[in-house]
Every structure is written in C-alpha cells, then in structure tokens.
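The values are calculated or read from the model by the stated rules, or taken from the named source; none is laboratory data. Every value quoted in this text rests on a predicted model; they were computed, and no experiment measured them. A quick note on method: Cβ atoms are made from the backbone with ideal geometry, for glycine too, and the neighbour counts reach across all protein chains shown. Areas reflect the complete protein model, heavy atoms only, side chains present, ligands, DNA and RNA absent. Shrake-Rupley method; radii C 1.70, N 1.55, O 1.52, S 1.80 Å.
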Amino acid sequence: MQEVTCASRPGTCSYENSPLKVSDRTVTLPRRPYAFRPVAQTLHFTDAQRRQWTAPRGILTDGASIPLLFVSIVGQPTAPEYINAGALHDAYCGVGNEGTANFHNGRWQDVHRIFFDALVAAGTPEQRAKVLFAAVWLGGPRWDYHVSLQEVPQGAMQQAMRQAKRYVEERDPSLSELETYLLRLEKGIIRGHPDLFAQLLPDGREGPRQGYEAPVEDEAEYEPPVRDEPVSEEPGEEFPDEYEIPGDDFTDIEL
C-alpha cells in the first residue's frame, strides 16, 4: 500500500490563509535565539489523511522549530518554505504557546509528522523535509511518553542526528521507514547510555547514576542550551562514530 503523506499524495494537502501572516510586533523569550512574532491570521492546513490542523491567530512562532543543537548539522531553518510548517508545529508544541487551544492537542509523533507534511506541501524538497523531520523527532518536544532524550549528552545527540541525516541522503527512505530507523537509533542511544536509561534496559545492565530520576509521563519540553557558537561535544568526551542500530528483533528495550 502506498504511504499516505503529502509527498505521495500531494493533491490531498492544502493550506488556507497561506503564506503565514505575522504581526510586526516581536516577542523575546528567555533562552531562545530567535525573535518570536504573533500569528496575525489563523493558518489552516489539511494533511494527506485529510486531518485539519491550525496555527491560531495570536500564537507565537519563530519560524524555526529545529532544535538549536542540530542547526550546525541541518542548517538554519529560515527559508520561506519553512515558515508555514514552523508555525503549525509551534502551535502544537512550541515554547511560549503553553495554555493555548492546540498546545499538546494530539500525540507528539503525529505533530512531528504533520511538520513533514506541511514542509512538503509548502514546497520543501522531500529529502530535505525528511532531514528536518528527523531533527524534530530526535530533539523536539515529547509529551505523554515515558522516554526522554533530554539528558543525553549534546555531542551524542549531534552524532545521532548526523547518522540520521546520512541515512536519509543515502537511502532515501519512506517516512515510515525513517520512523522505524529513528526508533532503532533511539534504542542505540539508550544502550549507549545505560546510566540514564537503566529502567528501560534488561536486567544486568548498569544501574542509574546517583541522583538520577526516571522521566515521568508529563515531561517538560526539551530546551537545548542557547550558545553563541554551534553546540558541540565537550572536550574530553568521546562518542561512537555510529550508534549500533538493532536488527528487527529489538524487543529487549520497550519504548
């Protein structure tokens, strides 16, 4: 069966009130590198499965959505064809929009998927959209989910993102194949940091480090640190060239 995305069925996807219209007023938020602007007119989007998504008037968007620690790998997410998708993504999980009508209204996986659909529908090349999708999947917000990559060292997360980017560029996977790869990559990250994920690993692995508390269901949004320079590995830290991607039988870690 053909995968249902805006890349495979472009005629099913559409915007209303596109391109995004924002206010001239800027809003700055602590620890955020970009200026935010309120949406001036509600943006509507219909995805490939004919679900309706909206970025309501008044929500804040910075036109980005890409986690800061991945910018040095995927590039600055400021092209015109990104702004619609960025606003929709911000409406459902962007910092500054807590308490608004659509915030966390849906599964985090689906919100990241519509980011891909919205990118493609706005003219982003499919392969580029998959790289940006991988960035928000690995480093973006998650909620109502018991696995967080928040405490994984920044250099390790960057290495995982490089691996995902190379996979997209070399294999050109479908979106569902990419999701499967990212889940396996996540399991490799978990195995590589047993002190952070002892509660997920089979018996006999290293226990949790002192002071570590397992993530709870209602997790806070992941906020990578803001720096003037691209985030990189700390001196002296060593990370694998590649995380081991488990094979088809990888049920020993339950995500």
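Before moving on, here are some points about what is shown:
- Carbon and sulfur %, accessible surface of the range 1-129 computed with the full protein complex present, 1.4 Å: 48 percent
- R0 of 30 Å, Cβ-Cβ distance ALA79-ASP144: FRET efficiency to nearest 0.05: 0.45
- Heavy-atom surface of the range 52-103, accessible at 1.4 Å and reported per residue (Å²): 33 Å²
- Alpha carbon convex hull of the range 1-73, projected area averaged over orientations, nm²: 6.7 nm²
- Prolate/oblate/rounded call for the range 37-122, Cα gyration tensor, a/c under 1.5 rounded: rounded
- Shape of the range 119-189, Cα gyration tensor, a/c cut at 1.5: prolate
- For GLN199 and ALA35, the difference between the fully extended length at 0.36 nm per residue and the C-alpha to C-alpha distance is 55.2 nm.
- A simple count of charges around GLN52, restricted to other residues whose Cβ falls under 13 Å of its Cβ and scoring Lys, Arg +1 and Asp, Glu -1, yields -2.
- Placing one equal scatterer on every Cα of the range 66-177 and applying the Debye formula, the log10 ratio I(q)/I(0) at q = 0.15 Å⁻¹ is -0.64.
- Modelled spin labels at ARG171 and GLU126, positioned 7 Å past Cα toward Cβ, are 1.6 nm from each other.
- The residues packed around VAL131, meaning those with a beta-carbon under 9 Å from its beta-carbon, carry a net charge of +2 if Lys and Arg are +1 and Asp and Glu are -1.
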